[in-house]
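I have placed the structure first, in the form of structure tokens, so that the comments after it can refer back to it.
Readers should treat all values here as calculations from the given coordinates under stated rules, not as data from a laboratory. Bear in mind the structure is a predicted one, so any value in this text is a computation, not a measurement. In this analysis, Cβ positions are derived from the backbone assuming ideal geometry, glycine residues included, and neighbour counts consider all displayed protein chains.
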Amino acid sequence: MAISNGYLKNVFEQVQKRNANEPEFLQAVEEVLESLEPVVEAHPEYEAAGLIERLVEPERVIYFRVPWVDDNGKTQVNRGFRVQFNSAIGPYKGGLRFHPSVYQGIIKFLGFEQVFKNSLTGLPIGGGKGGSDFDPKGKSDGEVMRFCQSFMTELSKHIGADTDVPAGDIGVGAREIGFMYGQYKRLRNEFTGVLTGKGLTYGGSLARTEATGFGLCYFTEAMLKANGKSFDGKTVVISGSGNVAIYATKKATELGGKVVALSDSNGYIYDKNGIDLDCVKQIKEVERKRIKEYVNTHPEAEYHEGCKGIWTVPCDIALPCATQNELDEESAKALVANNCFAVAEGANMPSTPEAIAVFQSNGILFGPAKAANAGGVATSALEMSQNSMRYSWTFDEVDAKLKGIMEGIFEKCDSASKEYGKEGNYVMGANIAGFQKVAEAMMAHGIV
């Protein structure tokens, strides 16, 4: 599929010229604009107002250096980014990613996706994203602290509880959030909900740790139910072994599925008896070691170098939860050949356009990231609400709200796909449903 609408085609050509060296951002924009063709054709006022031109351009891009001192006393310098993409429906909201692959294009792609994801939650939050090319792996707690303090010294000038509320992402967990929050509080002399994913002792929300993985399964279960299926008795393959993958494994198992494979950036494990989640949590969360350690205590399991092979493991349901573009056309064909009937994205844009085309042409139920993995940001917004009220809900209360939000997101995607004659195309449904709320707000605000 390619963009055929003249207005949208012109906009995308301009985006290509301005962002020629940012393939992830171009990929995200093209997918959304393709989906929006019937909506734009039904609303000529959007072209007159230059709505799409404004939608694809961030409101603000902040780029800064982050100097810090390592344990040997040597000064290191990393790059920091925050892209405040769209605040039409609320303060900017989106995670911070610390990983060597981070550059402006990655952050812009993530921020653009976040606009629609946040809109789908139904909560009043705009879209943003940030991060650094700093790699926390192999660093001491002292080094991570000094980096986080330097990073927040600059970022603190641009964020606030009613302006921009960052959270965690790849490489940014409870440790990093704690260090950054401490520095923000020290600099601003205020105790506000400026970061989410905080510890429970200083304003965090119960169920936030589990939220993205749990939410992924709640969305997937709603998608399966609408098509006469369920997790019960089904074999599940999940890529990754971080926060999202771990809690997706937990919830998929609770819903009756059997998760047989997990991975990290080095390779994957296959356990025909079902993954021992307690062992994985010990390896990844406590010991901070590689997934291959699993076979040392589970000799019946297999470890394979290279993470791409995980998609050759036969399964009924696949949940990619590692990173962008990890699942390509070849992997999609392998899943189809092994009779997989549902794929839902826990990571951000983990499937390539070619892979998605394979899924859709073969009738596989496909839940796109901006809908399926919105549970994390939804619960972050619930954390913001609790901070504003100086109150906290129980785990079960937050979990129930999360489940309702994720089921509501599926219903919005399903309804939008039917309204525009593309029933079952949840990619189009998610893009349209997420766009409509943002578009109405932008039109109401005038040319800003």
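Starting from the amide H of V83, placed 1.01 Å from N in the peptide plane, find each other amide H under 5 Å away whose residue is 5 or more places distant or on another chain. Correct list: I62, K129, G130. Here region 232-297 is assigned +1 on the Cβ of each Lys and Arg and -1 on the Cβ of each Asp and Glu. Its dipole about the Cα centre then comes out at about 120 debye. Considering only Cα-Cα distances, which of the following residue pairs are longer than 25 Å: K370/K422; K93/K157; K93/K333? Beyond 25 Å between Cα atoms: K93/K333. Rounded to the nearest 20 debye, the dipole size of region 231-387 about its Cα centre is 180 debye, using +1 on the Cβ of Lys and Arg and -1 on the Cβ of Asp and Glu.
Neighbour counts of C-beta atoms inside 10 Å place S35, S87, S361, S119 in the sequence S361, S87, S35, S119, starting with the fewest. On the basis of the beta-carbon distance and an R0 of 25 Å, K157 and D135 show a calculated FRET efficiency of 0.55.
Given in Å, the Rg to one decimal and the Dmax to the nearest whole number for the Cα atoms of region 6-55 are 10.8, 33. For the chain, averaging the sequence separation of C-alpha pairs within contact (under 8 Å, six or more residues apart) and dividing by the residue count gives a relative contact order of 15 percent. In this simple spin-label approximation, R60 and E300 carry label points 7 Å from Cα along the Cα→Cβ vector, and these lie 5.6 nm apart. The value for region 54-96 of Rg(Cα) / (2.2 N^0.38 Å) is 1.65. Among the listed pairs K281/K418; K272/K403; K108/K272; K9/K137, those with a Cα-Cα distance over 32 Å are K281/K418; K108/K272; K9/K137. The magnitude of the dipole of the chain, with charges of +1 and -1 set on the Cβ of Lys/Arg and Asp/Glu and taken from the Cα centre, is near 1140 debye. For the peptides 174-187, 208-221, the ranking by mean Cβ contacts within 10 Å, running from highest to lowest, is 208-221, 174-187.
Model label sites at R175 and K333, defined 7 Å from Cα along the beta-carbon direction, differ in position by 4.2 nm. The label-point distance for K9 and N227, in a model that sets each label 7 Å from Cα toward Cβ, rounds to 3.2 nm.
Taking a ≥ b ≥ c as the square roots of the eigenvalues of the alpha carbon gyration tensor, the chain is rounded, as a/c is under 1.5. Of all DSSP bridge pairs formed entirely within region 211-372, close to 35 percent run antiparallel. Each part gets one Cα centre, and for region 389-448 versus region 263-283 those centres are 33 Å apart.
Among 96-109, 45-58, sorting by the average number of other beta carbon atoms lying within 10 angstrom of each residue, highest first, gives 96-109, 45-58.
Length available on full extension from M443 to V69: 0.36 nm per residue minus the Cα-Cα distance, which gives 129.9 nm. Counted over the chain, the DSSP beta bridges are approximately 50% antiparallel. Taking the centroid of alpha carbons for each part, region 178-222 and region 1-77 are 27 Å apart.
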